[in-house]
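Undergrad: My questions all concern the structure below.
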Amino acid sequence: MKVRIFVLNYNGKDLLVQFLPSVVAAAQNSRHPCRVTVVDNCSTDESVKILKEEFPAVAIFPAPKNEVLISLNDAVKACDEEVVILLNNDIKVKEDFIEHLVGPFKEDNVFFVAPQILNFDNTYNGGKSYLHFSFGVVKNIVDREHASQPGSTHSIATGAFRRSDFLKFGGFDRLYLPGIWEEVDLCYRALLAGKTGIYEPRSIIWHQESTTFNKEYGKRKKLIIAHRNMFLFCWKNIFDRTFITQQAFFLLPRLIYALLTGKIELVLGFFNALARFPEAFSRRRLRVSVRHLNKFKDRDIIR
């Protein structure tokens, strides 16, 4: 299969110098025809200059504006490879990571394949996950207990996608800008339609997580965005009456408890989500129009 690796970058010249060589080496050593492209989100540092001078074999896709992961939508649309691997600029890869990611796509139903993501001290960071609903809140849980075992997984932002399905399901949704939960949203819609997500622990990458995101927004604002987007995900995608009833029942007690315990980020996230409710509701109406195509229901996917 032909493969394209997209590395998302914004003002990451030092990260590119540090980590991009491992990606280029893996592409050159892969038995699959593989090209590397950096999707540059309007960097104002010397990222593009360094790419042109030090990485002449790497293509550059200049995004018209910085829309974080959303910029990958146009990049994926513009290529013609069967499999696209999406990475951040703060990721180092094992030399054979491509082979293990691409292998499962021999099965037509596979939509995405997740690698084993490690921290740079080799502790487990993620790759295998599942969605869990409890007391009115949906959480994307990292499955640490089964990190060494291949199997199914519910979502990825970093990993491999079948390009045709990525475009079919519309890519990442701007509703969640500047980020967090858009990858869960995309994968969830595909899972409901009967597609499969695979976790392949033999494909290993190391991630210096949220380097750019934390620098731009800080950890507190990132948490607010995460809570906001969790609510938006539910309002857009969840149709199970039991889940909806539970969220309505537990919402006020959760907000009061968050205020009393100083966890103001949940409260701020909820009210920020309310500001985007019309957008979420308009997308929910579109989801209604295609629900008859789903092979599964919410409770078939969410624990």
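Undergrad: Please sort 61-72, 22-33 by packing, taking for each peptide the average over its residues of neighbouring beta carbons within 10 angstrom, highest first.
TA: Details: 61-72: 18.2, 22-33: 16.1.
The most tightly packed comes first, giving 61-72, 22-33.
Undergrad: Also, I was wondering about something else. Using Stokes-Einstein with the Kirkwood hydrodynamic radius over Cα pairs, what translational diffusion coefficient do you get for region 176-303 at 4 °C and a viscosity of 1.567 mPa s, in µm²/s rounded to a whole number?
TA: Details: Rh = 16.5 Å.
For the chosen part, D equals 79 µm²/s.
Undergrad: Report the FRET efficiency, 1/(1 + (r/R0)^6), for residue 109 and residue 260, where r is their Cβ-Cβ distance and R0 is 35 Å, rounded to 0.05. Can you show the working numbers first?
TA: Values: r = 47 Å, r/R0 = 1.34.
E between residue 109 and residue 260, to the nearest 0.05, is 0.15.
Undergrad: Just rank 212, 261, 196, fewest to most, by other beta-carbon atoms within 10 angstrom.
TA: Numbers: 212 19, 261 9, 196 16.
Ordered from fewest to most neighbouring Cβ atoms within 10 Å, 212, 261, 196 come out as 261, 196, 212.
Undergrad: Sticking with this one: Mind giving me the nanometre distance, one decimal, between the label points for residue 267 and residue 289, set 7 Å out from Cα along Cα→Cβ?
TA: Simple spin-label model gives 3.9 nm for this pair.
Undergrad: Given the -39500 (n - 2.57) contribution per DSSP H run of 4+ residues, what per-residue ellipticity at 222 nm results for the chain, rounded to the nearest 500 deg cm²/dmol?
TA: Working: 11 runs with 133 residues, N = 303.
Helix-only estimate at 222 nm: -13500 deg cm²/dmol.
Undergrad: If you average the alpha carbon positions of region 98-113 and of region 22-93, how far apart do those two centres end up, in angstrom?
TA: Region 98-113 and region 22-93 have Cα centres separated by 20 Å.
Undergrad: Now, a different point. Over region 3-214, calculate the relative contact order: mean separation of alpha carbon pairs under 8 Å at least 6 apart, over the residue count, as a percent. Walk me through the intermediate numbers first.
TA: Working: 443 pairs, mean separation 52.9, N = 212.
Reported as a whole number, the value is 25 percent.
Undergrad: In whole Å, largest first, what are the principal axis extents of the Cα atoms in the chain?
TA: 56, 41, 36
Undergrad: Now, a different point. In a GNM of the chain with a 10 Å cut-off on Cα contacts, which of 124, 199, 257 has the highest mean-square fluctuation?
TA: 257
Undergrad: Report, in degrees rounded to the nearest 10, the 0 to 90 angle that the Cα long axis of helix 211-237 makes with the longest principal axis of the chain.
TA: Once rounded, the angle reads 50 degrees.
Undergrad: Follow-up question, since we're still on this one. Tell me, what ³J(HN,Hα) does each residue in region 61-67 have, in order and in whole Hz, if you take phi through Karplus 6.51 cos²θ - 1.76 cosθ + 1.60 with θ = phi - 60° and put x for Gly and Pro?
TA: Per residue, the Karplus-derived 3J(HN,Hα) values read 10, x, 6, x, 8, 7, 10 Hz.
Bear in mind these aren't lab numbers, they're just calculated from the coordinates by the rules spelled out. Keep in mind the model is a prediction, meaning the values are calculated, not measured. Here the Cβ is made from the backbone with ideal geometry for all residues, glycine too, and neighbour counts use every protein chain on show.
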